Amino acid sequence: MFRFFESLIDPYPGAVPETPPRRLLAFLFHYSRPLLPLLLAMTLLAALVSVVEVVFFAFMGELVDWLAQADRASFFADHGGRLLGMAALALVAFPLLVLGKSLVTHQSLFGNYPMRVRWLAHRYLLEQSLPFFQDEFAGRVSQKVMQTALAIRETVVKLMDVFVYVVVYFTGALILVGRSEAWLMAPLVIWLCGYLVLMRVFVPRLKHISMAQADARAQMTGRIVDSYTNIQTLKLFAHTQAEQAYARGAMDGFMATVHRQMRLVTQLTVTLQTLNSLLLVSMAGVAILAWHQSLISLGAIAVAIGLVMRLRMMSDWILWEVAGLFENLGTVQDGINTIAQAQAVSDAPGAPELSVERGEVRFDKVTFAYGHGPQVASVNATQGAAREAAVFDELSLTLRPGERVGLVGSSGAGKSTLVNLLLRFFDIDAGRILIDGQNIAGITQASLRRQIGMVTQDTSLLHRSIRDNIRYGRPDASEEEIIDAARRAHADTFIRQASDPQGRTGYDAHVGERGVKLSGGQRQRIAIARVLLKDAPILVLDEATSALDSEVEAAIQEQLYALMEGKTVIAIAHRLSTIAMLDRLVVMEQGRIVESGTHHELLAHGGTYAGLWQRQSGGFLGLDAPTEAAPPSTGDATAAELSTDPD
């Protein structure tokens, strides 16, 4: 039975997540729409439970009157049928209703509902562009997903369950006491008016505080997680005290919202209990006066006082449920600001997969500026944000199939940006980027990145086993292929000696968050093994061997050169000796291509590249610099001398 109700909701739907709406009710409906049948069933069962409870109170009044007036000899003969019927209602029907409501609420909705929201929100956020995560704390984003999922469930359940229960129960109570004496309704109506005033005064204030508290909690979590993530930097600069102060600033902000909230709680509690006491005294007074005037029976008094005592207990629960509702609404509203952001880079509807047969890469009059792009432009326009200076202005560059091209230039020249645009981490403002004639803006991002293998300078590993990190390059790879890739990357030796605190060794050992348990060179070798295993037709090396010592670098260079065979390669390196043997070197300055040619051609040209080569010590085995290097150029080459598109 439990398993049946637990399986009524699929917490991991396979449909592609849509962009959530930014309006509150539409946002709630977006995540709740598939669950409406179960939510309605829960609401109906809650209404039936409240009706049965009111029937119990009505019968209690009748029972008091029977006991006061009935003849003991004929009591069971006169009322036995009703007593048995009510016993069946109490012992069979009522528990079955409670069981049904509990199964729908706890087995079907309680766990599956928020997990479904987390799953959809997480999948949607994974498709967000790189700048989205660069602008946010990872801990803050994860906190928003977790908090918002629970808040959505609590908001919808309170709206559809609690309020139906309360409305049915209170309406039944009014009818029940009014049937005996209309004046008995007066204290309930007056109490309800006072109760609504309390909610009108306190609940919105609690909502505003809860929104501030949710944001402060996420900020606090983000700062703490940031410290843990960068613990090596923290210890390296001995900034423990500064980090404590940084975290405490967020904690103080959170505590300020807690103190404001608790002050309201105290005021609300005292006011509510005073109002409840007034209800009890006024209802008892009206009931006694009515009995004194022979207007009602003892049973009616018992029902009235019993209902008041029940309402006293319920009122506290109801008010906190309402306060919790608005608190959750504040949390949801805060989560909308993060979760419902439109994706800056998204696939076109019906976008096909990228097919790479030759591997030609062409940048065709590409114009790009950070903080701009199709999605960001409208936001900047509404906020009055100025467009940043263009990194590229109609830049053109073609890599022939199988050509190995090195990008050279000082920091900020645009080398890494060019690679990021090829991977479509950002959308360009104008122009096209083509792979085998296919515009990457019109194909799926996943298929694009599957065809590109990349090793970056700052290697970040997943907090999983070494095997899982290498297999990330090709999930269907066999154990033999994983070990072969590790050997080719000269990583197998240290991997077999690896271990973790849980006793896992070798390829099963976990590497820690971002790979902190490994040295920079070890992380780099695992990243190279991952790309070797991926074996994509287009290869990008961004300072791929910068973290390696000279001996290991020389050994791995051989593997990388072998890997380059038959692939289109873009290699970025500040150490020119590592890319001097490539087919062509492209020199960039301030987003422009100023030189292009082989190592020997650029040295002979005596321009920017020759100057850079002269300033770097040493050379490259088998590549001899000219005996008399030409002096560095004093200006850019002419358009006739340099073509930004060699084809």
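Kindly indicate which of Asp468, Asp484, Asp436 is charged (D, E, K, R), crowded, with 17+ Cβ neighbours inside 10 Å, more than 27 Å from the chain's Cα centre (by Cα) and modelled with pLDDT of 90 or more.
Working: Asp468 fails: more than 27 Å from the chain's Cα centre (by Cα); Asp484 fails: crowded, with 17+ Cβ neighbours inside 10 Å.
Answer to the selection: Asp436.
Listed here are the residues, each with its yes/no results for (1) surrounded by fewer than 15 Cβ atoms within 10 Å (Cβ to Cβ); (2) touching a helix residue (DSSP H, G or I) at 6+ places or on another chain (Cβ under 6 Å); (3) among the small types (Gly, Ala, Ser).
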position	(1), (2), (3)
Arg82	yes, no, no
Gly85	yes, no, yes
Val92	yes, no, no
Leu96	yes, no, no
Leu99	yes, no, no
Trp119	no, no, no
Arg123	no, no, no
Ser129	no, no, yes
Asp135	yes, no, no
- Message: Please go through (1) surrounded by 14 or more Cβ atoms within 10 Å (Cβ to Cβ); (2) part of a helix (DSSP H, G or I) for Arg3 and return the number of the only condition it doesn't satisfy.
- Response: (1)
- Query: Of the residues Leu36, Leu40, Leu28, Leu8, which single one is modelled with pLDDT of 90 or more and outside the structural domain of Met160 (by TED's automatic domain parsing)?
  - Reply: Leu8
- Those residues of region 291-344 that are in a loop (DSSP other than H, G, I, E, B), at pLDDT 75 or above and of a type in the set (A, V, I, L, M) come to a total of 3
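How about region 554-603: which of its residues are at positive phi and either within 39 Å of the chain's Cα centre (by Cα) or at pLDDT below 90 (or both)?
Going through region 554-603, the residues at positive phi turn out to be 566, 590-591, 597.
Within region 554-603, Gly566, Gln590, Gly591 meet the criteria.
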- Note on the structure: If you go through Leu63, Leu99, Leu83, the only one that is among the aliphatic types (A, V, I, L, M) and modelled with pLDDT of 85 or more is Leu99
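Return the residues of region 197-227 that are free of Cβ contacts under 8 Å to residues at least 24 places away in the same chain and within 28 Å of the chain's Cα centre (by Cα); say none if nothing qualifies.
Filtering region 197-227 for residues free of Cβ contacts under 8 Å to residues at least 24 places away in the same chain gives 197, 200-201, 227.
Selection gives Ser227 alone.
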- Query: Of the residues in region 109-142, how many are at pLDDT 80 or above and not aromatic (Phe, Trp, Tyr)?
  - Reply: 18
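Give me the residue from region 532-541 that is assigned to a helix (DSSP H, G or I) and surrounded by fewer than 24 Cβ atoms within 10 Å (Cβ to Cβ) and, out of that set, farthest from the chain's Cα centre (by Cα).
Just the residues of region 532-541 that are assigned to a helix (DSSP H, G or I), to begin with: 532-534.
Add one more test, that the residue is surrounded by fewer than 24 Cβ atoms within 10 Å (Cβ to Cβ), and what stays is 533-534.
Working: Leu533: 30, Lys534: 28 Å.
Per the criteria, the residue is Leu533.
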- Failed condition for Leu448, given (1) more than 20 Å from Ser355 (Cα to Cα); (2) touching a Leu at 6+ places or on another chain (Cβ under 9 Å): (1)
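Mind checking which residues of region 96-133 are within 21 Å of Ala149 (Cα to Cα) and either free of Cβ contacts under 8 Å to residues at least 60 places away in the same chain or charged (D, E, K, R) (or both)?
Ser102, His106, Phe110, Pro114, Arg116, Arg118, His122, Arg123, Leu126, Glu127, Phe133 - these are the residues of region 96-133 that are within 21 Å of Ala149 (Cα to Cα) and either free of Cβ contacts under 8 Å to residues at least 60 places away in the same chain or charged (D, E, K, R) (or both).
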- When region 566-611 is examined, which residues are found to be among the hydrophobic types (A, V, I, L, M, F, W, C), crowded, with 24+ Cβ neighbours inside 10 Å and assigned to a helix (DSSP H, G or I)? Leu602
- Which condition breaks for Gln524 when tested against (1) at pLDDT below 90; (2) farther than 29 Å from Asp226 by Cα; (3) crowded, with 22+ Cβ neighbours inside 10 Å? (2)
- Message: Is it the case, given these coordinates, that Arg474 is under 30 Å from Phe494 (Cβ atoms) and either of a type in the set (Val, Ile, Thr) or outside any helix (DSSP H, G or I) (or both)?
- Response: yes
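Tally up the residues in region 412-433 that are of a type in the set (Asp, Glu) and either modelled with pLDDT under 90 or out of contact with any strand residue (DSSP E or B) (no Cβ under 7 Å at 6 or more places or on another chain) (or both), please. Break it down stepwise before answering.
Taking region 412-433 and keeping what is of a type in the set (Asp, Glu), we get 427, 429.
From what's left, either modelled with pLDDT under 90 or out of contact with any strand residue (DSSP E or B) (no Cβ under 7 Å at 6 or more places or on another chain) (or both): 427.
Result for region 412-433: 1.
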- Leu407, sole failed condition from (1) more than 25 Å from the chain's Cα centre (by Cα); (2) assigned to a helix (DSSP H, G or I): (2)
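The values are calculated or read from the model by the stated rules, or taken from the named source; none is laboratory data. For clarity, every value in this text was computed on a predicted model and none was experimentally measured. All Cβ positions, glycine included, derive from the backbone under ideal geometry; neighbour counts span all protein chains shown.
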